[in-house]
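Heads up: the structure comes next, in structure tokens.
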Amino acid sequence: MLSKNETISLAEIERLVAGHHHDPHSILGAHPAPGGVTIRALRPLAASVTAVLPDGSRHPMEHRHQGVFEVFVPESAGTVPQYLLEVSYSGGDPQLQDDPYRHLPSLGELDLYLIGEGRHEQLWNALGAR
């Protein structure tokens, strides 16, 4: 996990965008940091992205590289807030979207082990089809 002053490398972003990163949840979504929370989102081709918190506060995100946007949100409680993303594309109206990386990964260690062995007997449940 990265602190407020740490940032992800361009090489890591390029691996993420190419679909070669082994753990996108470690980069994308909201991550606690000293004094607040860092939020990152992947929105290729977006002109701008803004994190919108439940209290209505808006935090414009900086474009880092290849569609990865990032913002540090000061938070006194130190908890990861619920948030939505307002995304604007060229020539279009802003759209309010949920960020799938706001949620924790749904596959546990046992699920990954059984999938790797080809023995997961309820794969449809683990992958969210039901």
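Suppose R0 equals 35 Å; then what is the FRET efficiency for residue 122 and residue 20 from their Cβ-Cβ distance, rounded to the nearest 0.05?
Using R0 = 35 Å, I get an efficiency of 0.75.
Along Cα→Cβ, 7 Å out, is where each label goes; now give me the distance between the ones at residue 112 and residue 66 in nm to one decimal.
My value for the distance between the label points is 2.2 nm.
Just read off the accessible area of residue 65 with the full protein assembly in place, 1.4 Å probe, to the nearest 10 Å².
About 50 Å², ignoring ligands and nucleic acids.
What full-extension length gain, to one decimal in nm, is calculated for residue 11 and residue 59 as 0.36 nm per residue of separation minus the Cα-Cα distance?
This chain segment gains 14.7 nm when fully extended.
Can you compute the helix-only [θ] at 222 nm over the chain? Use -39500 (n - 2.57) per DSSP H run of at least 4 residues, normalise by all residues, nearest 500 deg cm²/dmol.
It comes out at -4000 deg cm²/dmol, rounded to the nearest 500.
With just the Cα atoms of the range 6-101, tell me how far they stretch along each of the three principal axes, in Å, largest first.
Taking max minus min along each principal axis of the Cα atoms, the range 6-101 gives 34, 34, 19 Å.
The values are calculated or read from the model by the stated rules, or taken from the named source; none is laboratory data. Small disclaimer: the values here were computed from a predicted structure and weren't measured. Cβ atoms come from the backbone with ideal geometry, glycine included; neighbour counts cover every protein chain shown. The accessibility values were calculated without ligands, DNA or RNA, using every heavy atom of the protein model including side chains. Shrake-Rupley method; radii C 1.70, N 1.55, O 1.52, S 1.80 Å.
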